[in-house]
Amino acid sequence: MNGISVIIACYNSERVIPETLRHLQAQQDFEGIAWEVVLVNNNSTDQTAEIAEAVWNENPVVLLRIIPEPRMGEANARKAGIKAARYSILSVVDDDNRVAPDWIRTIFKYYKDPEIGLIGCAGEGDFEAPLPAWFKENEHAFAIGKLYEGTFTDITEDALVPGAGLSVRKEVYDHLYALNWQPFLEGRVGNRQSAGADSEMCFITRLLGYKIYYSNELHFKHFTAANRITWERLKNMTYGFGAADVFVLVYQIHYLENTGRKSLMTTLRKKWWFNYIGKKFAFFTKRGTIKDPGQRELFGIRNRAFCETLLQEKKRFAEAFDRLDKIPKLKP
């Protein structure tokens, strides 16, 4: 059905979910737009579900459905929410995202264009504690800050947006699930920091023939607790980004070759050993040019994660290109 399903994956979210829901309850000018909220309780051990239900009952502007998903992992939670969604557009809102009052109205307006498959935006930081000096240079790792210029911009060529706040057509996933598609990247599992599932959502939508857009008109505040802004967490996230880069590379090469840009370089980069050697070479030649010790450490972590993952996944890496070739497009 034409409308919007807001999907919120939750794991022990009792502290942050009330404000997230209250901002959804404060939506304005959505008359004539069908929408709902699907909250996926991903095996929480706190009172996430009970608190969410109590808050929503204070002002039930639309239907809230709480879906249990006992299998740990962001990918499992998202899948449960997508399968349960009743409407044609999925708005992925993290449990700590406080959306603007025109969120529903603006997303609905955008998707009147049938060529658009996925839209991303960036959050404004809402921090519990003062920020460390290193944060500004690394804010994009925390899904904060502007990535592209322009009010509403076609970024199909890059096709990379933050996962928090993105929206996507449900038919993308209905199509993939019908094919029994298994993603390469899994996202967060409990408190273990992984990465790449949101990037894969962008790339697979583009592969199916849709355009990808980025909006600086969509607004939300990304509340971030003090214990989430630590150097150790950033290092763990960086390792996750580096590991995800292996299959991000697969999508990038596949896109280049399928848009008439096949070359000797794309052919070579389909070989695991070529990428491994290239990363090792980059480590030894570039690392010494990075003056800031923190950025030098992060560069080394991401490089190491890529190399370690590539060695572990070299068979799956080689097979991935054929897998992508076999996915039928939704749009010519």
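The values are calculated or read from the model by the stated rules, or taken from the named source; none is laboratory data. Please read all numbers here as calculations on a predicted model, not as lab measurements. Please note: Cβ atoms are built from the backbone with ideal geometry, for glycine as well, and neighbour counts cover all protein chains shown.
A few points about this structure:
- Options Thr224, Thr238, Thr230; residue that is more than 30 Å from Asp154 (Cβ to Cβ) and of a type in the set (Ser, Thr, Tyr): Thr230
- Members of the stretch 79-105 found to be crowded, with 22+ Cβ neighbours inside 10 Å and not charged (D, E, K, R), listed by number: Gly81, Ala85, Ile89, Leu90, Ser91, Val92, Val93, Asn97, Val99, Trp103, Ile104
- Strands (runs of 3 or more DSSP E) (entirely within the stretch 104-219) containing at least 3 residues that are among the aromatic types (Phe, Trp, Tyr), more than 30 Å from Asn43 (Cβ to Cβ) and touching a Gly at 6+ places or on another chain (Cβ under 6 Å): none
- Residue in the stretch 70-79 that is modelled with pLDDT under 95, in the same structural domain as Lys112 (by TED's automatic domain parsing) and acidic (Asp, Glu) present: yes
- Unique residue being modelled with pLDDT of 95 or more and either touching a strand residue (DSSP E or B) at 6+ places or on another chain (Cβ under 6 Å) or among the small types (Gly, Ala, Ser) (or both) when the list is Arg65, Arg22: Arg65
- Within the stretch 220-238, being among the basic types (Lys, Arg), within 26 Å of Leu21 (Cα to Cα) and in a helix (DSSP H, G or I) holds for one residue alone: Arg228.
- Flag if Ala52 is touching a helix residue (DSSP H, G or I) at 6+ places or on another chain (Cβ under 6 Å) and modelled with pLDDT under 95: no
- Contact map, the stretch 145-170: residues that are under 18 Å from Leu185 (Cα atoms) paired with residues that are of a type in the set (A, V, I, L, M, F, W, C) and surrounded by fewer than 18 Cβ atoms within 10 Å (Cβ to Cβ), Cβ distance under 9 Å, separation 6+ or inter-chain. Pairs shown: Leu160/Leu147; Val161/Leu147; Pro162/Leu147.
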